[in-house]
C-alpha cells in the first residue's frame, strides 16, 4: 500500500528516538513502522510534511528522509513544485469535502490524492473526517 503519513506520526517517533517525550502513542508508532517494513508499504512524505517535522525536531529535509530510510522504511518524497501547484489547487477547488478540512490538512489531502496514496495515516483522524469518502484515513493503531 501507498500510505501518506501525517507529520504527527513521524514526529512522535523521532521524538521518542531522540529522548523527547510526546505521548504514550510512541510505542504504537514503532509497531506501525515495523508493520510497514514487514509488509513493504511505501510511505509517502511531502515537502509540507517535512517542513512540519523540521519545525518540531530541527532536522533538515535530508536528515528526516535519511532517518526514516535508515530504520528500513520505503519512503517516497514528493515536492510541492510550482508546476504542481495548479493540480493541488484543482484538487481543493473541485472537491467540497477537501474545502471543509482546515489548512494545512487540506493540502495534505490534496498531496495524498495527487500522489495516488491508498490512505492517510494520522493521529488526528477527526480533522480528516470530511474526506473519508475520497480517501481512507487511519490512525497508526489501526495497522497494529
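Only one residue in 63, 69, 52 is surrounded by 14 or more Cβ atoms within 10 Å (Cβ to Cβ), out of contact with any helix residue (DSSP H, G or I) (no Cβ under 8 Å at 6 or more places or on another chain), modelled with pLDDT of 90 or more and within 17 Å of residue 12 (Cα to Cα). Which one? Being surrounded by 14 or more Cβ atoms within 10 Å (Cβ to Cβ), out of contact with any helix residue (DSSP H, G or I) (no Cβ under 8 Å at 6 or more places or on another chain), modelled with pLDDT of 90 or more and within 17 Å of residue 12 (Cα to Cα) holds for just one of 63, 69, 52, which is 63.
A Cβ distance below 9 Å, combined with a sequence gap of six or more or placement on separate chains, defines the contacts here; from the range 68-87, residues that are assigned to a strand (DSSP E or B) reach residues that are loosely packed, with under 11 Cβ neighbours inside 10 Å and at pLDDT 95 or above in the pairs 74/40.
So which residues in the range 99-120 are in a helix (DSSP H, G or I), under 16 Å from the mean Cα position of the chain (by Cα) and modelled with pLDDT under 80?
Selection gives 105 alone.
Among residues that are more than 26 Å from residue 113 (Cα to Cα), in contact with a helix residue (DSSP H, G or I) (Cβ under 9 Å, 6 or more places away or on another chain) and either surrounded by 19 or more Cβ atoms within 10 Å (Cβ to Cβ) or modelled with pLDDT under 95 (or both), residue 20 is included.
Among the residues of the range 110-133, those that are out of contact with any strand residue (DSSP E or B) (no Cβ under 6 Å at 6 or more places or on another chain), crowded, with 16+ Cβ neighbours inside 10 Å and more than 15 Å from residue 8 (Cβ to Cβ) comprise 110, 113, 114, 130, 131. Can you pull out the residues in the range 24-40 that are assigned to a helix (DSSP H, G or I) and crowded, with 18+ Cβ neighbours inside 10 Å? Across the range 24-40, the qualifying residues are 28, 29, 32, 33, 36. The combined condition, being at pLDDT 85 or above and either part of a strand (DSSP E or B) or within 16 Å of the chain's Cα centre (by Cα) (or both), is fulfilled by residue 43. When each of 78, 92 is tested for being at pLDDT below 90 and farther than 19 Å from residue 9 by Cα, the lone residue that passes is 92.
The values are calculated or read from the model by the stated rules, or taken from the named source; none is laboratory data. Keep in mind it's a predicted model, so treat the numbers as computed, not measured. Every residue, glycine among them, receives a Cβ derived from its backbone with ideal geometry; neighbour counts consider all protein chains shown.
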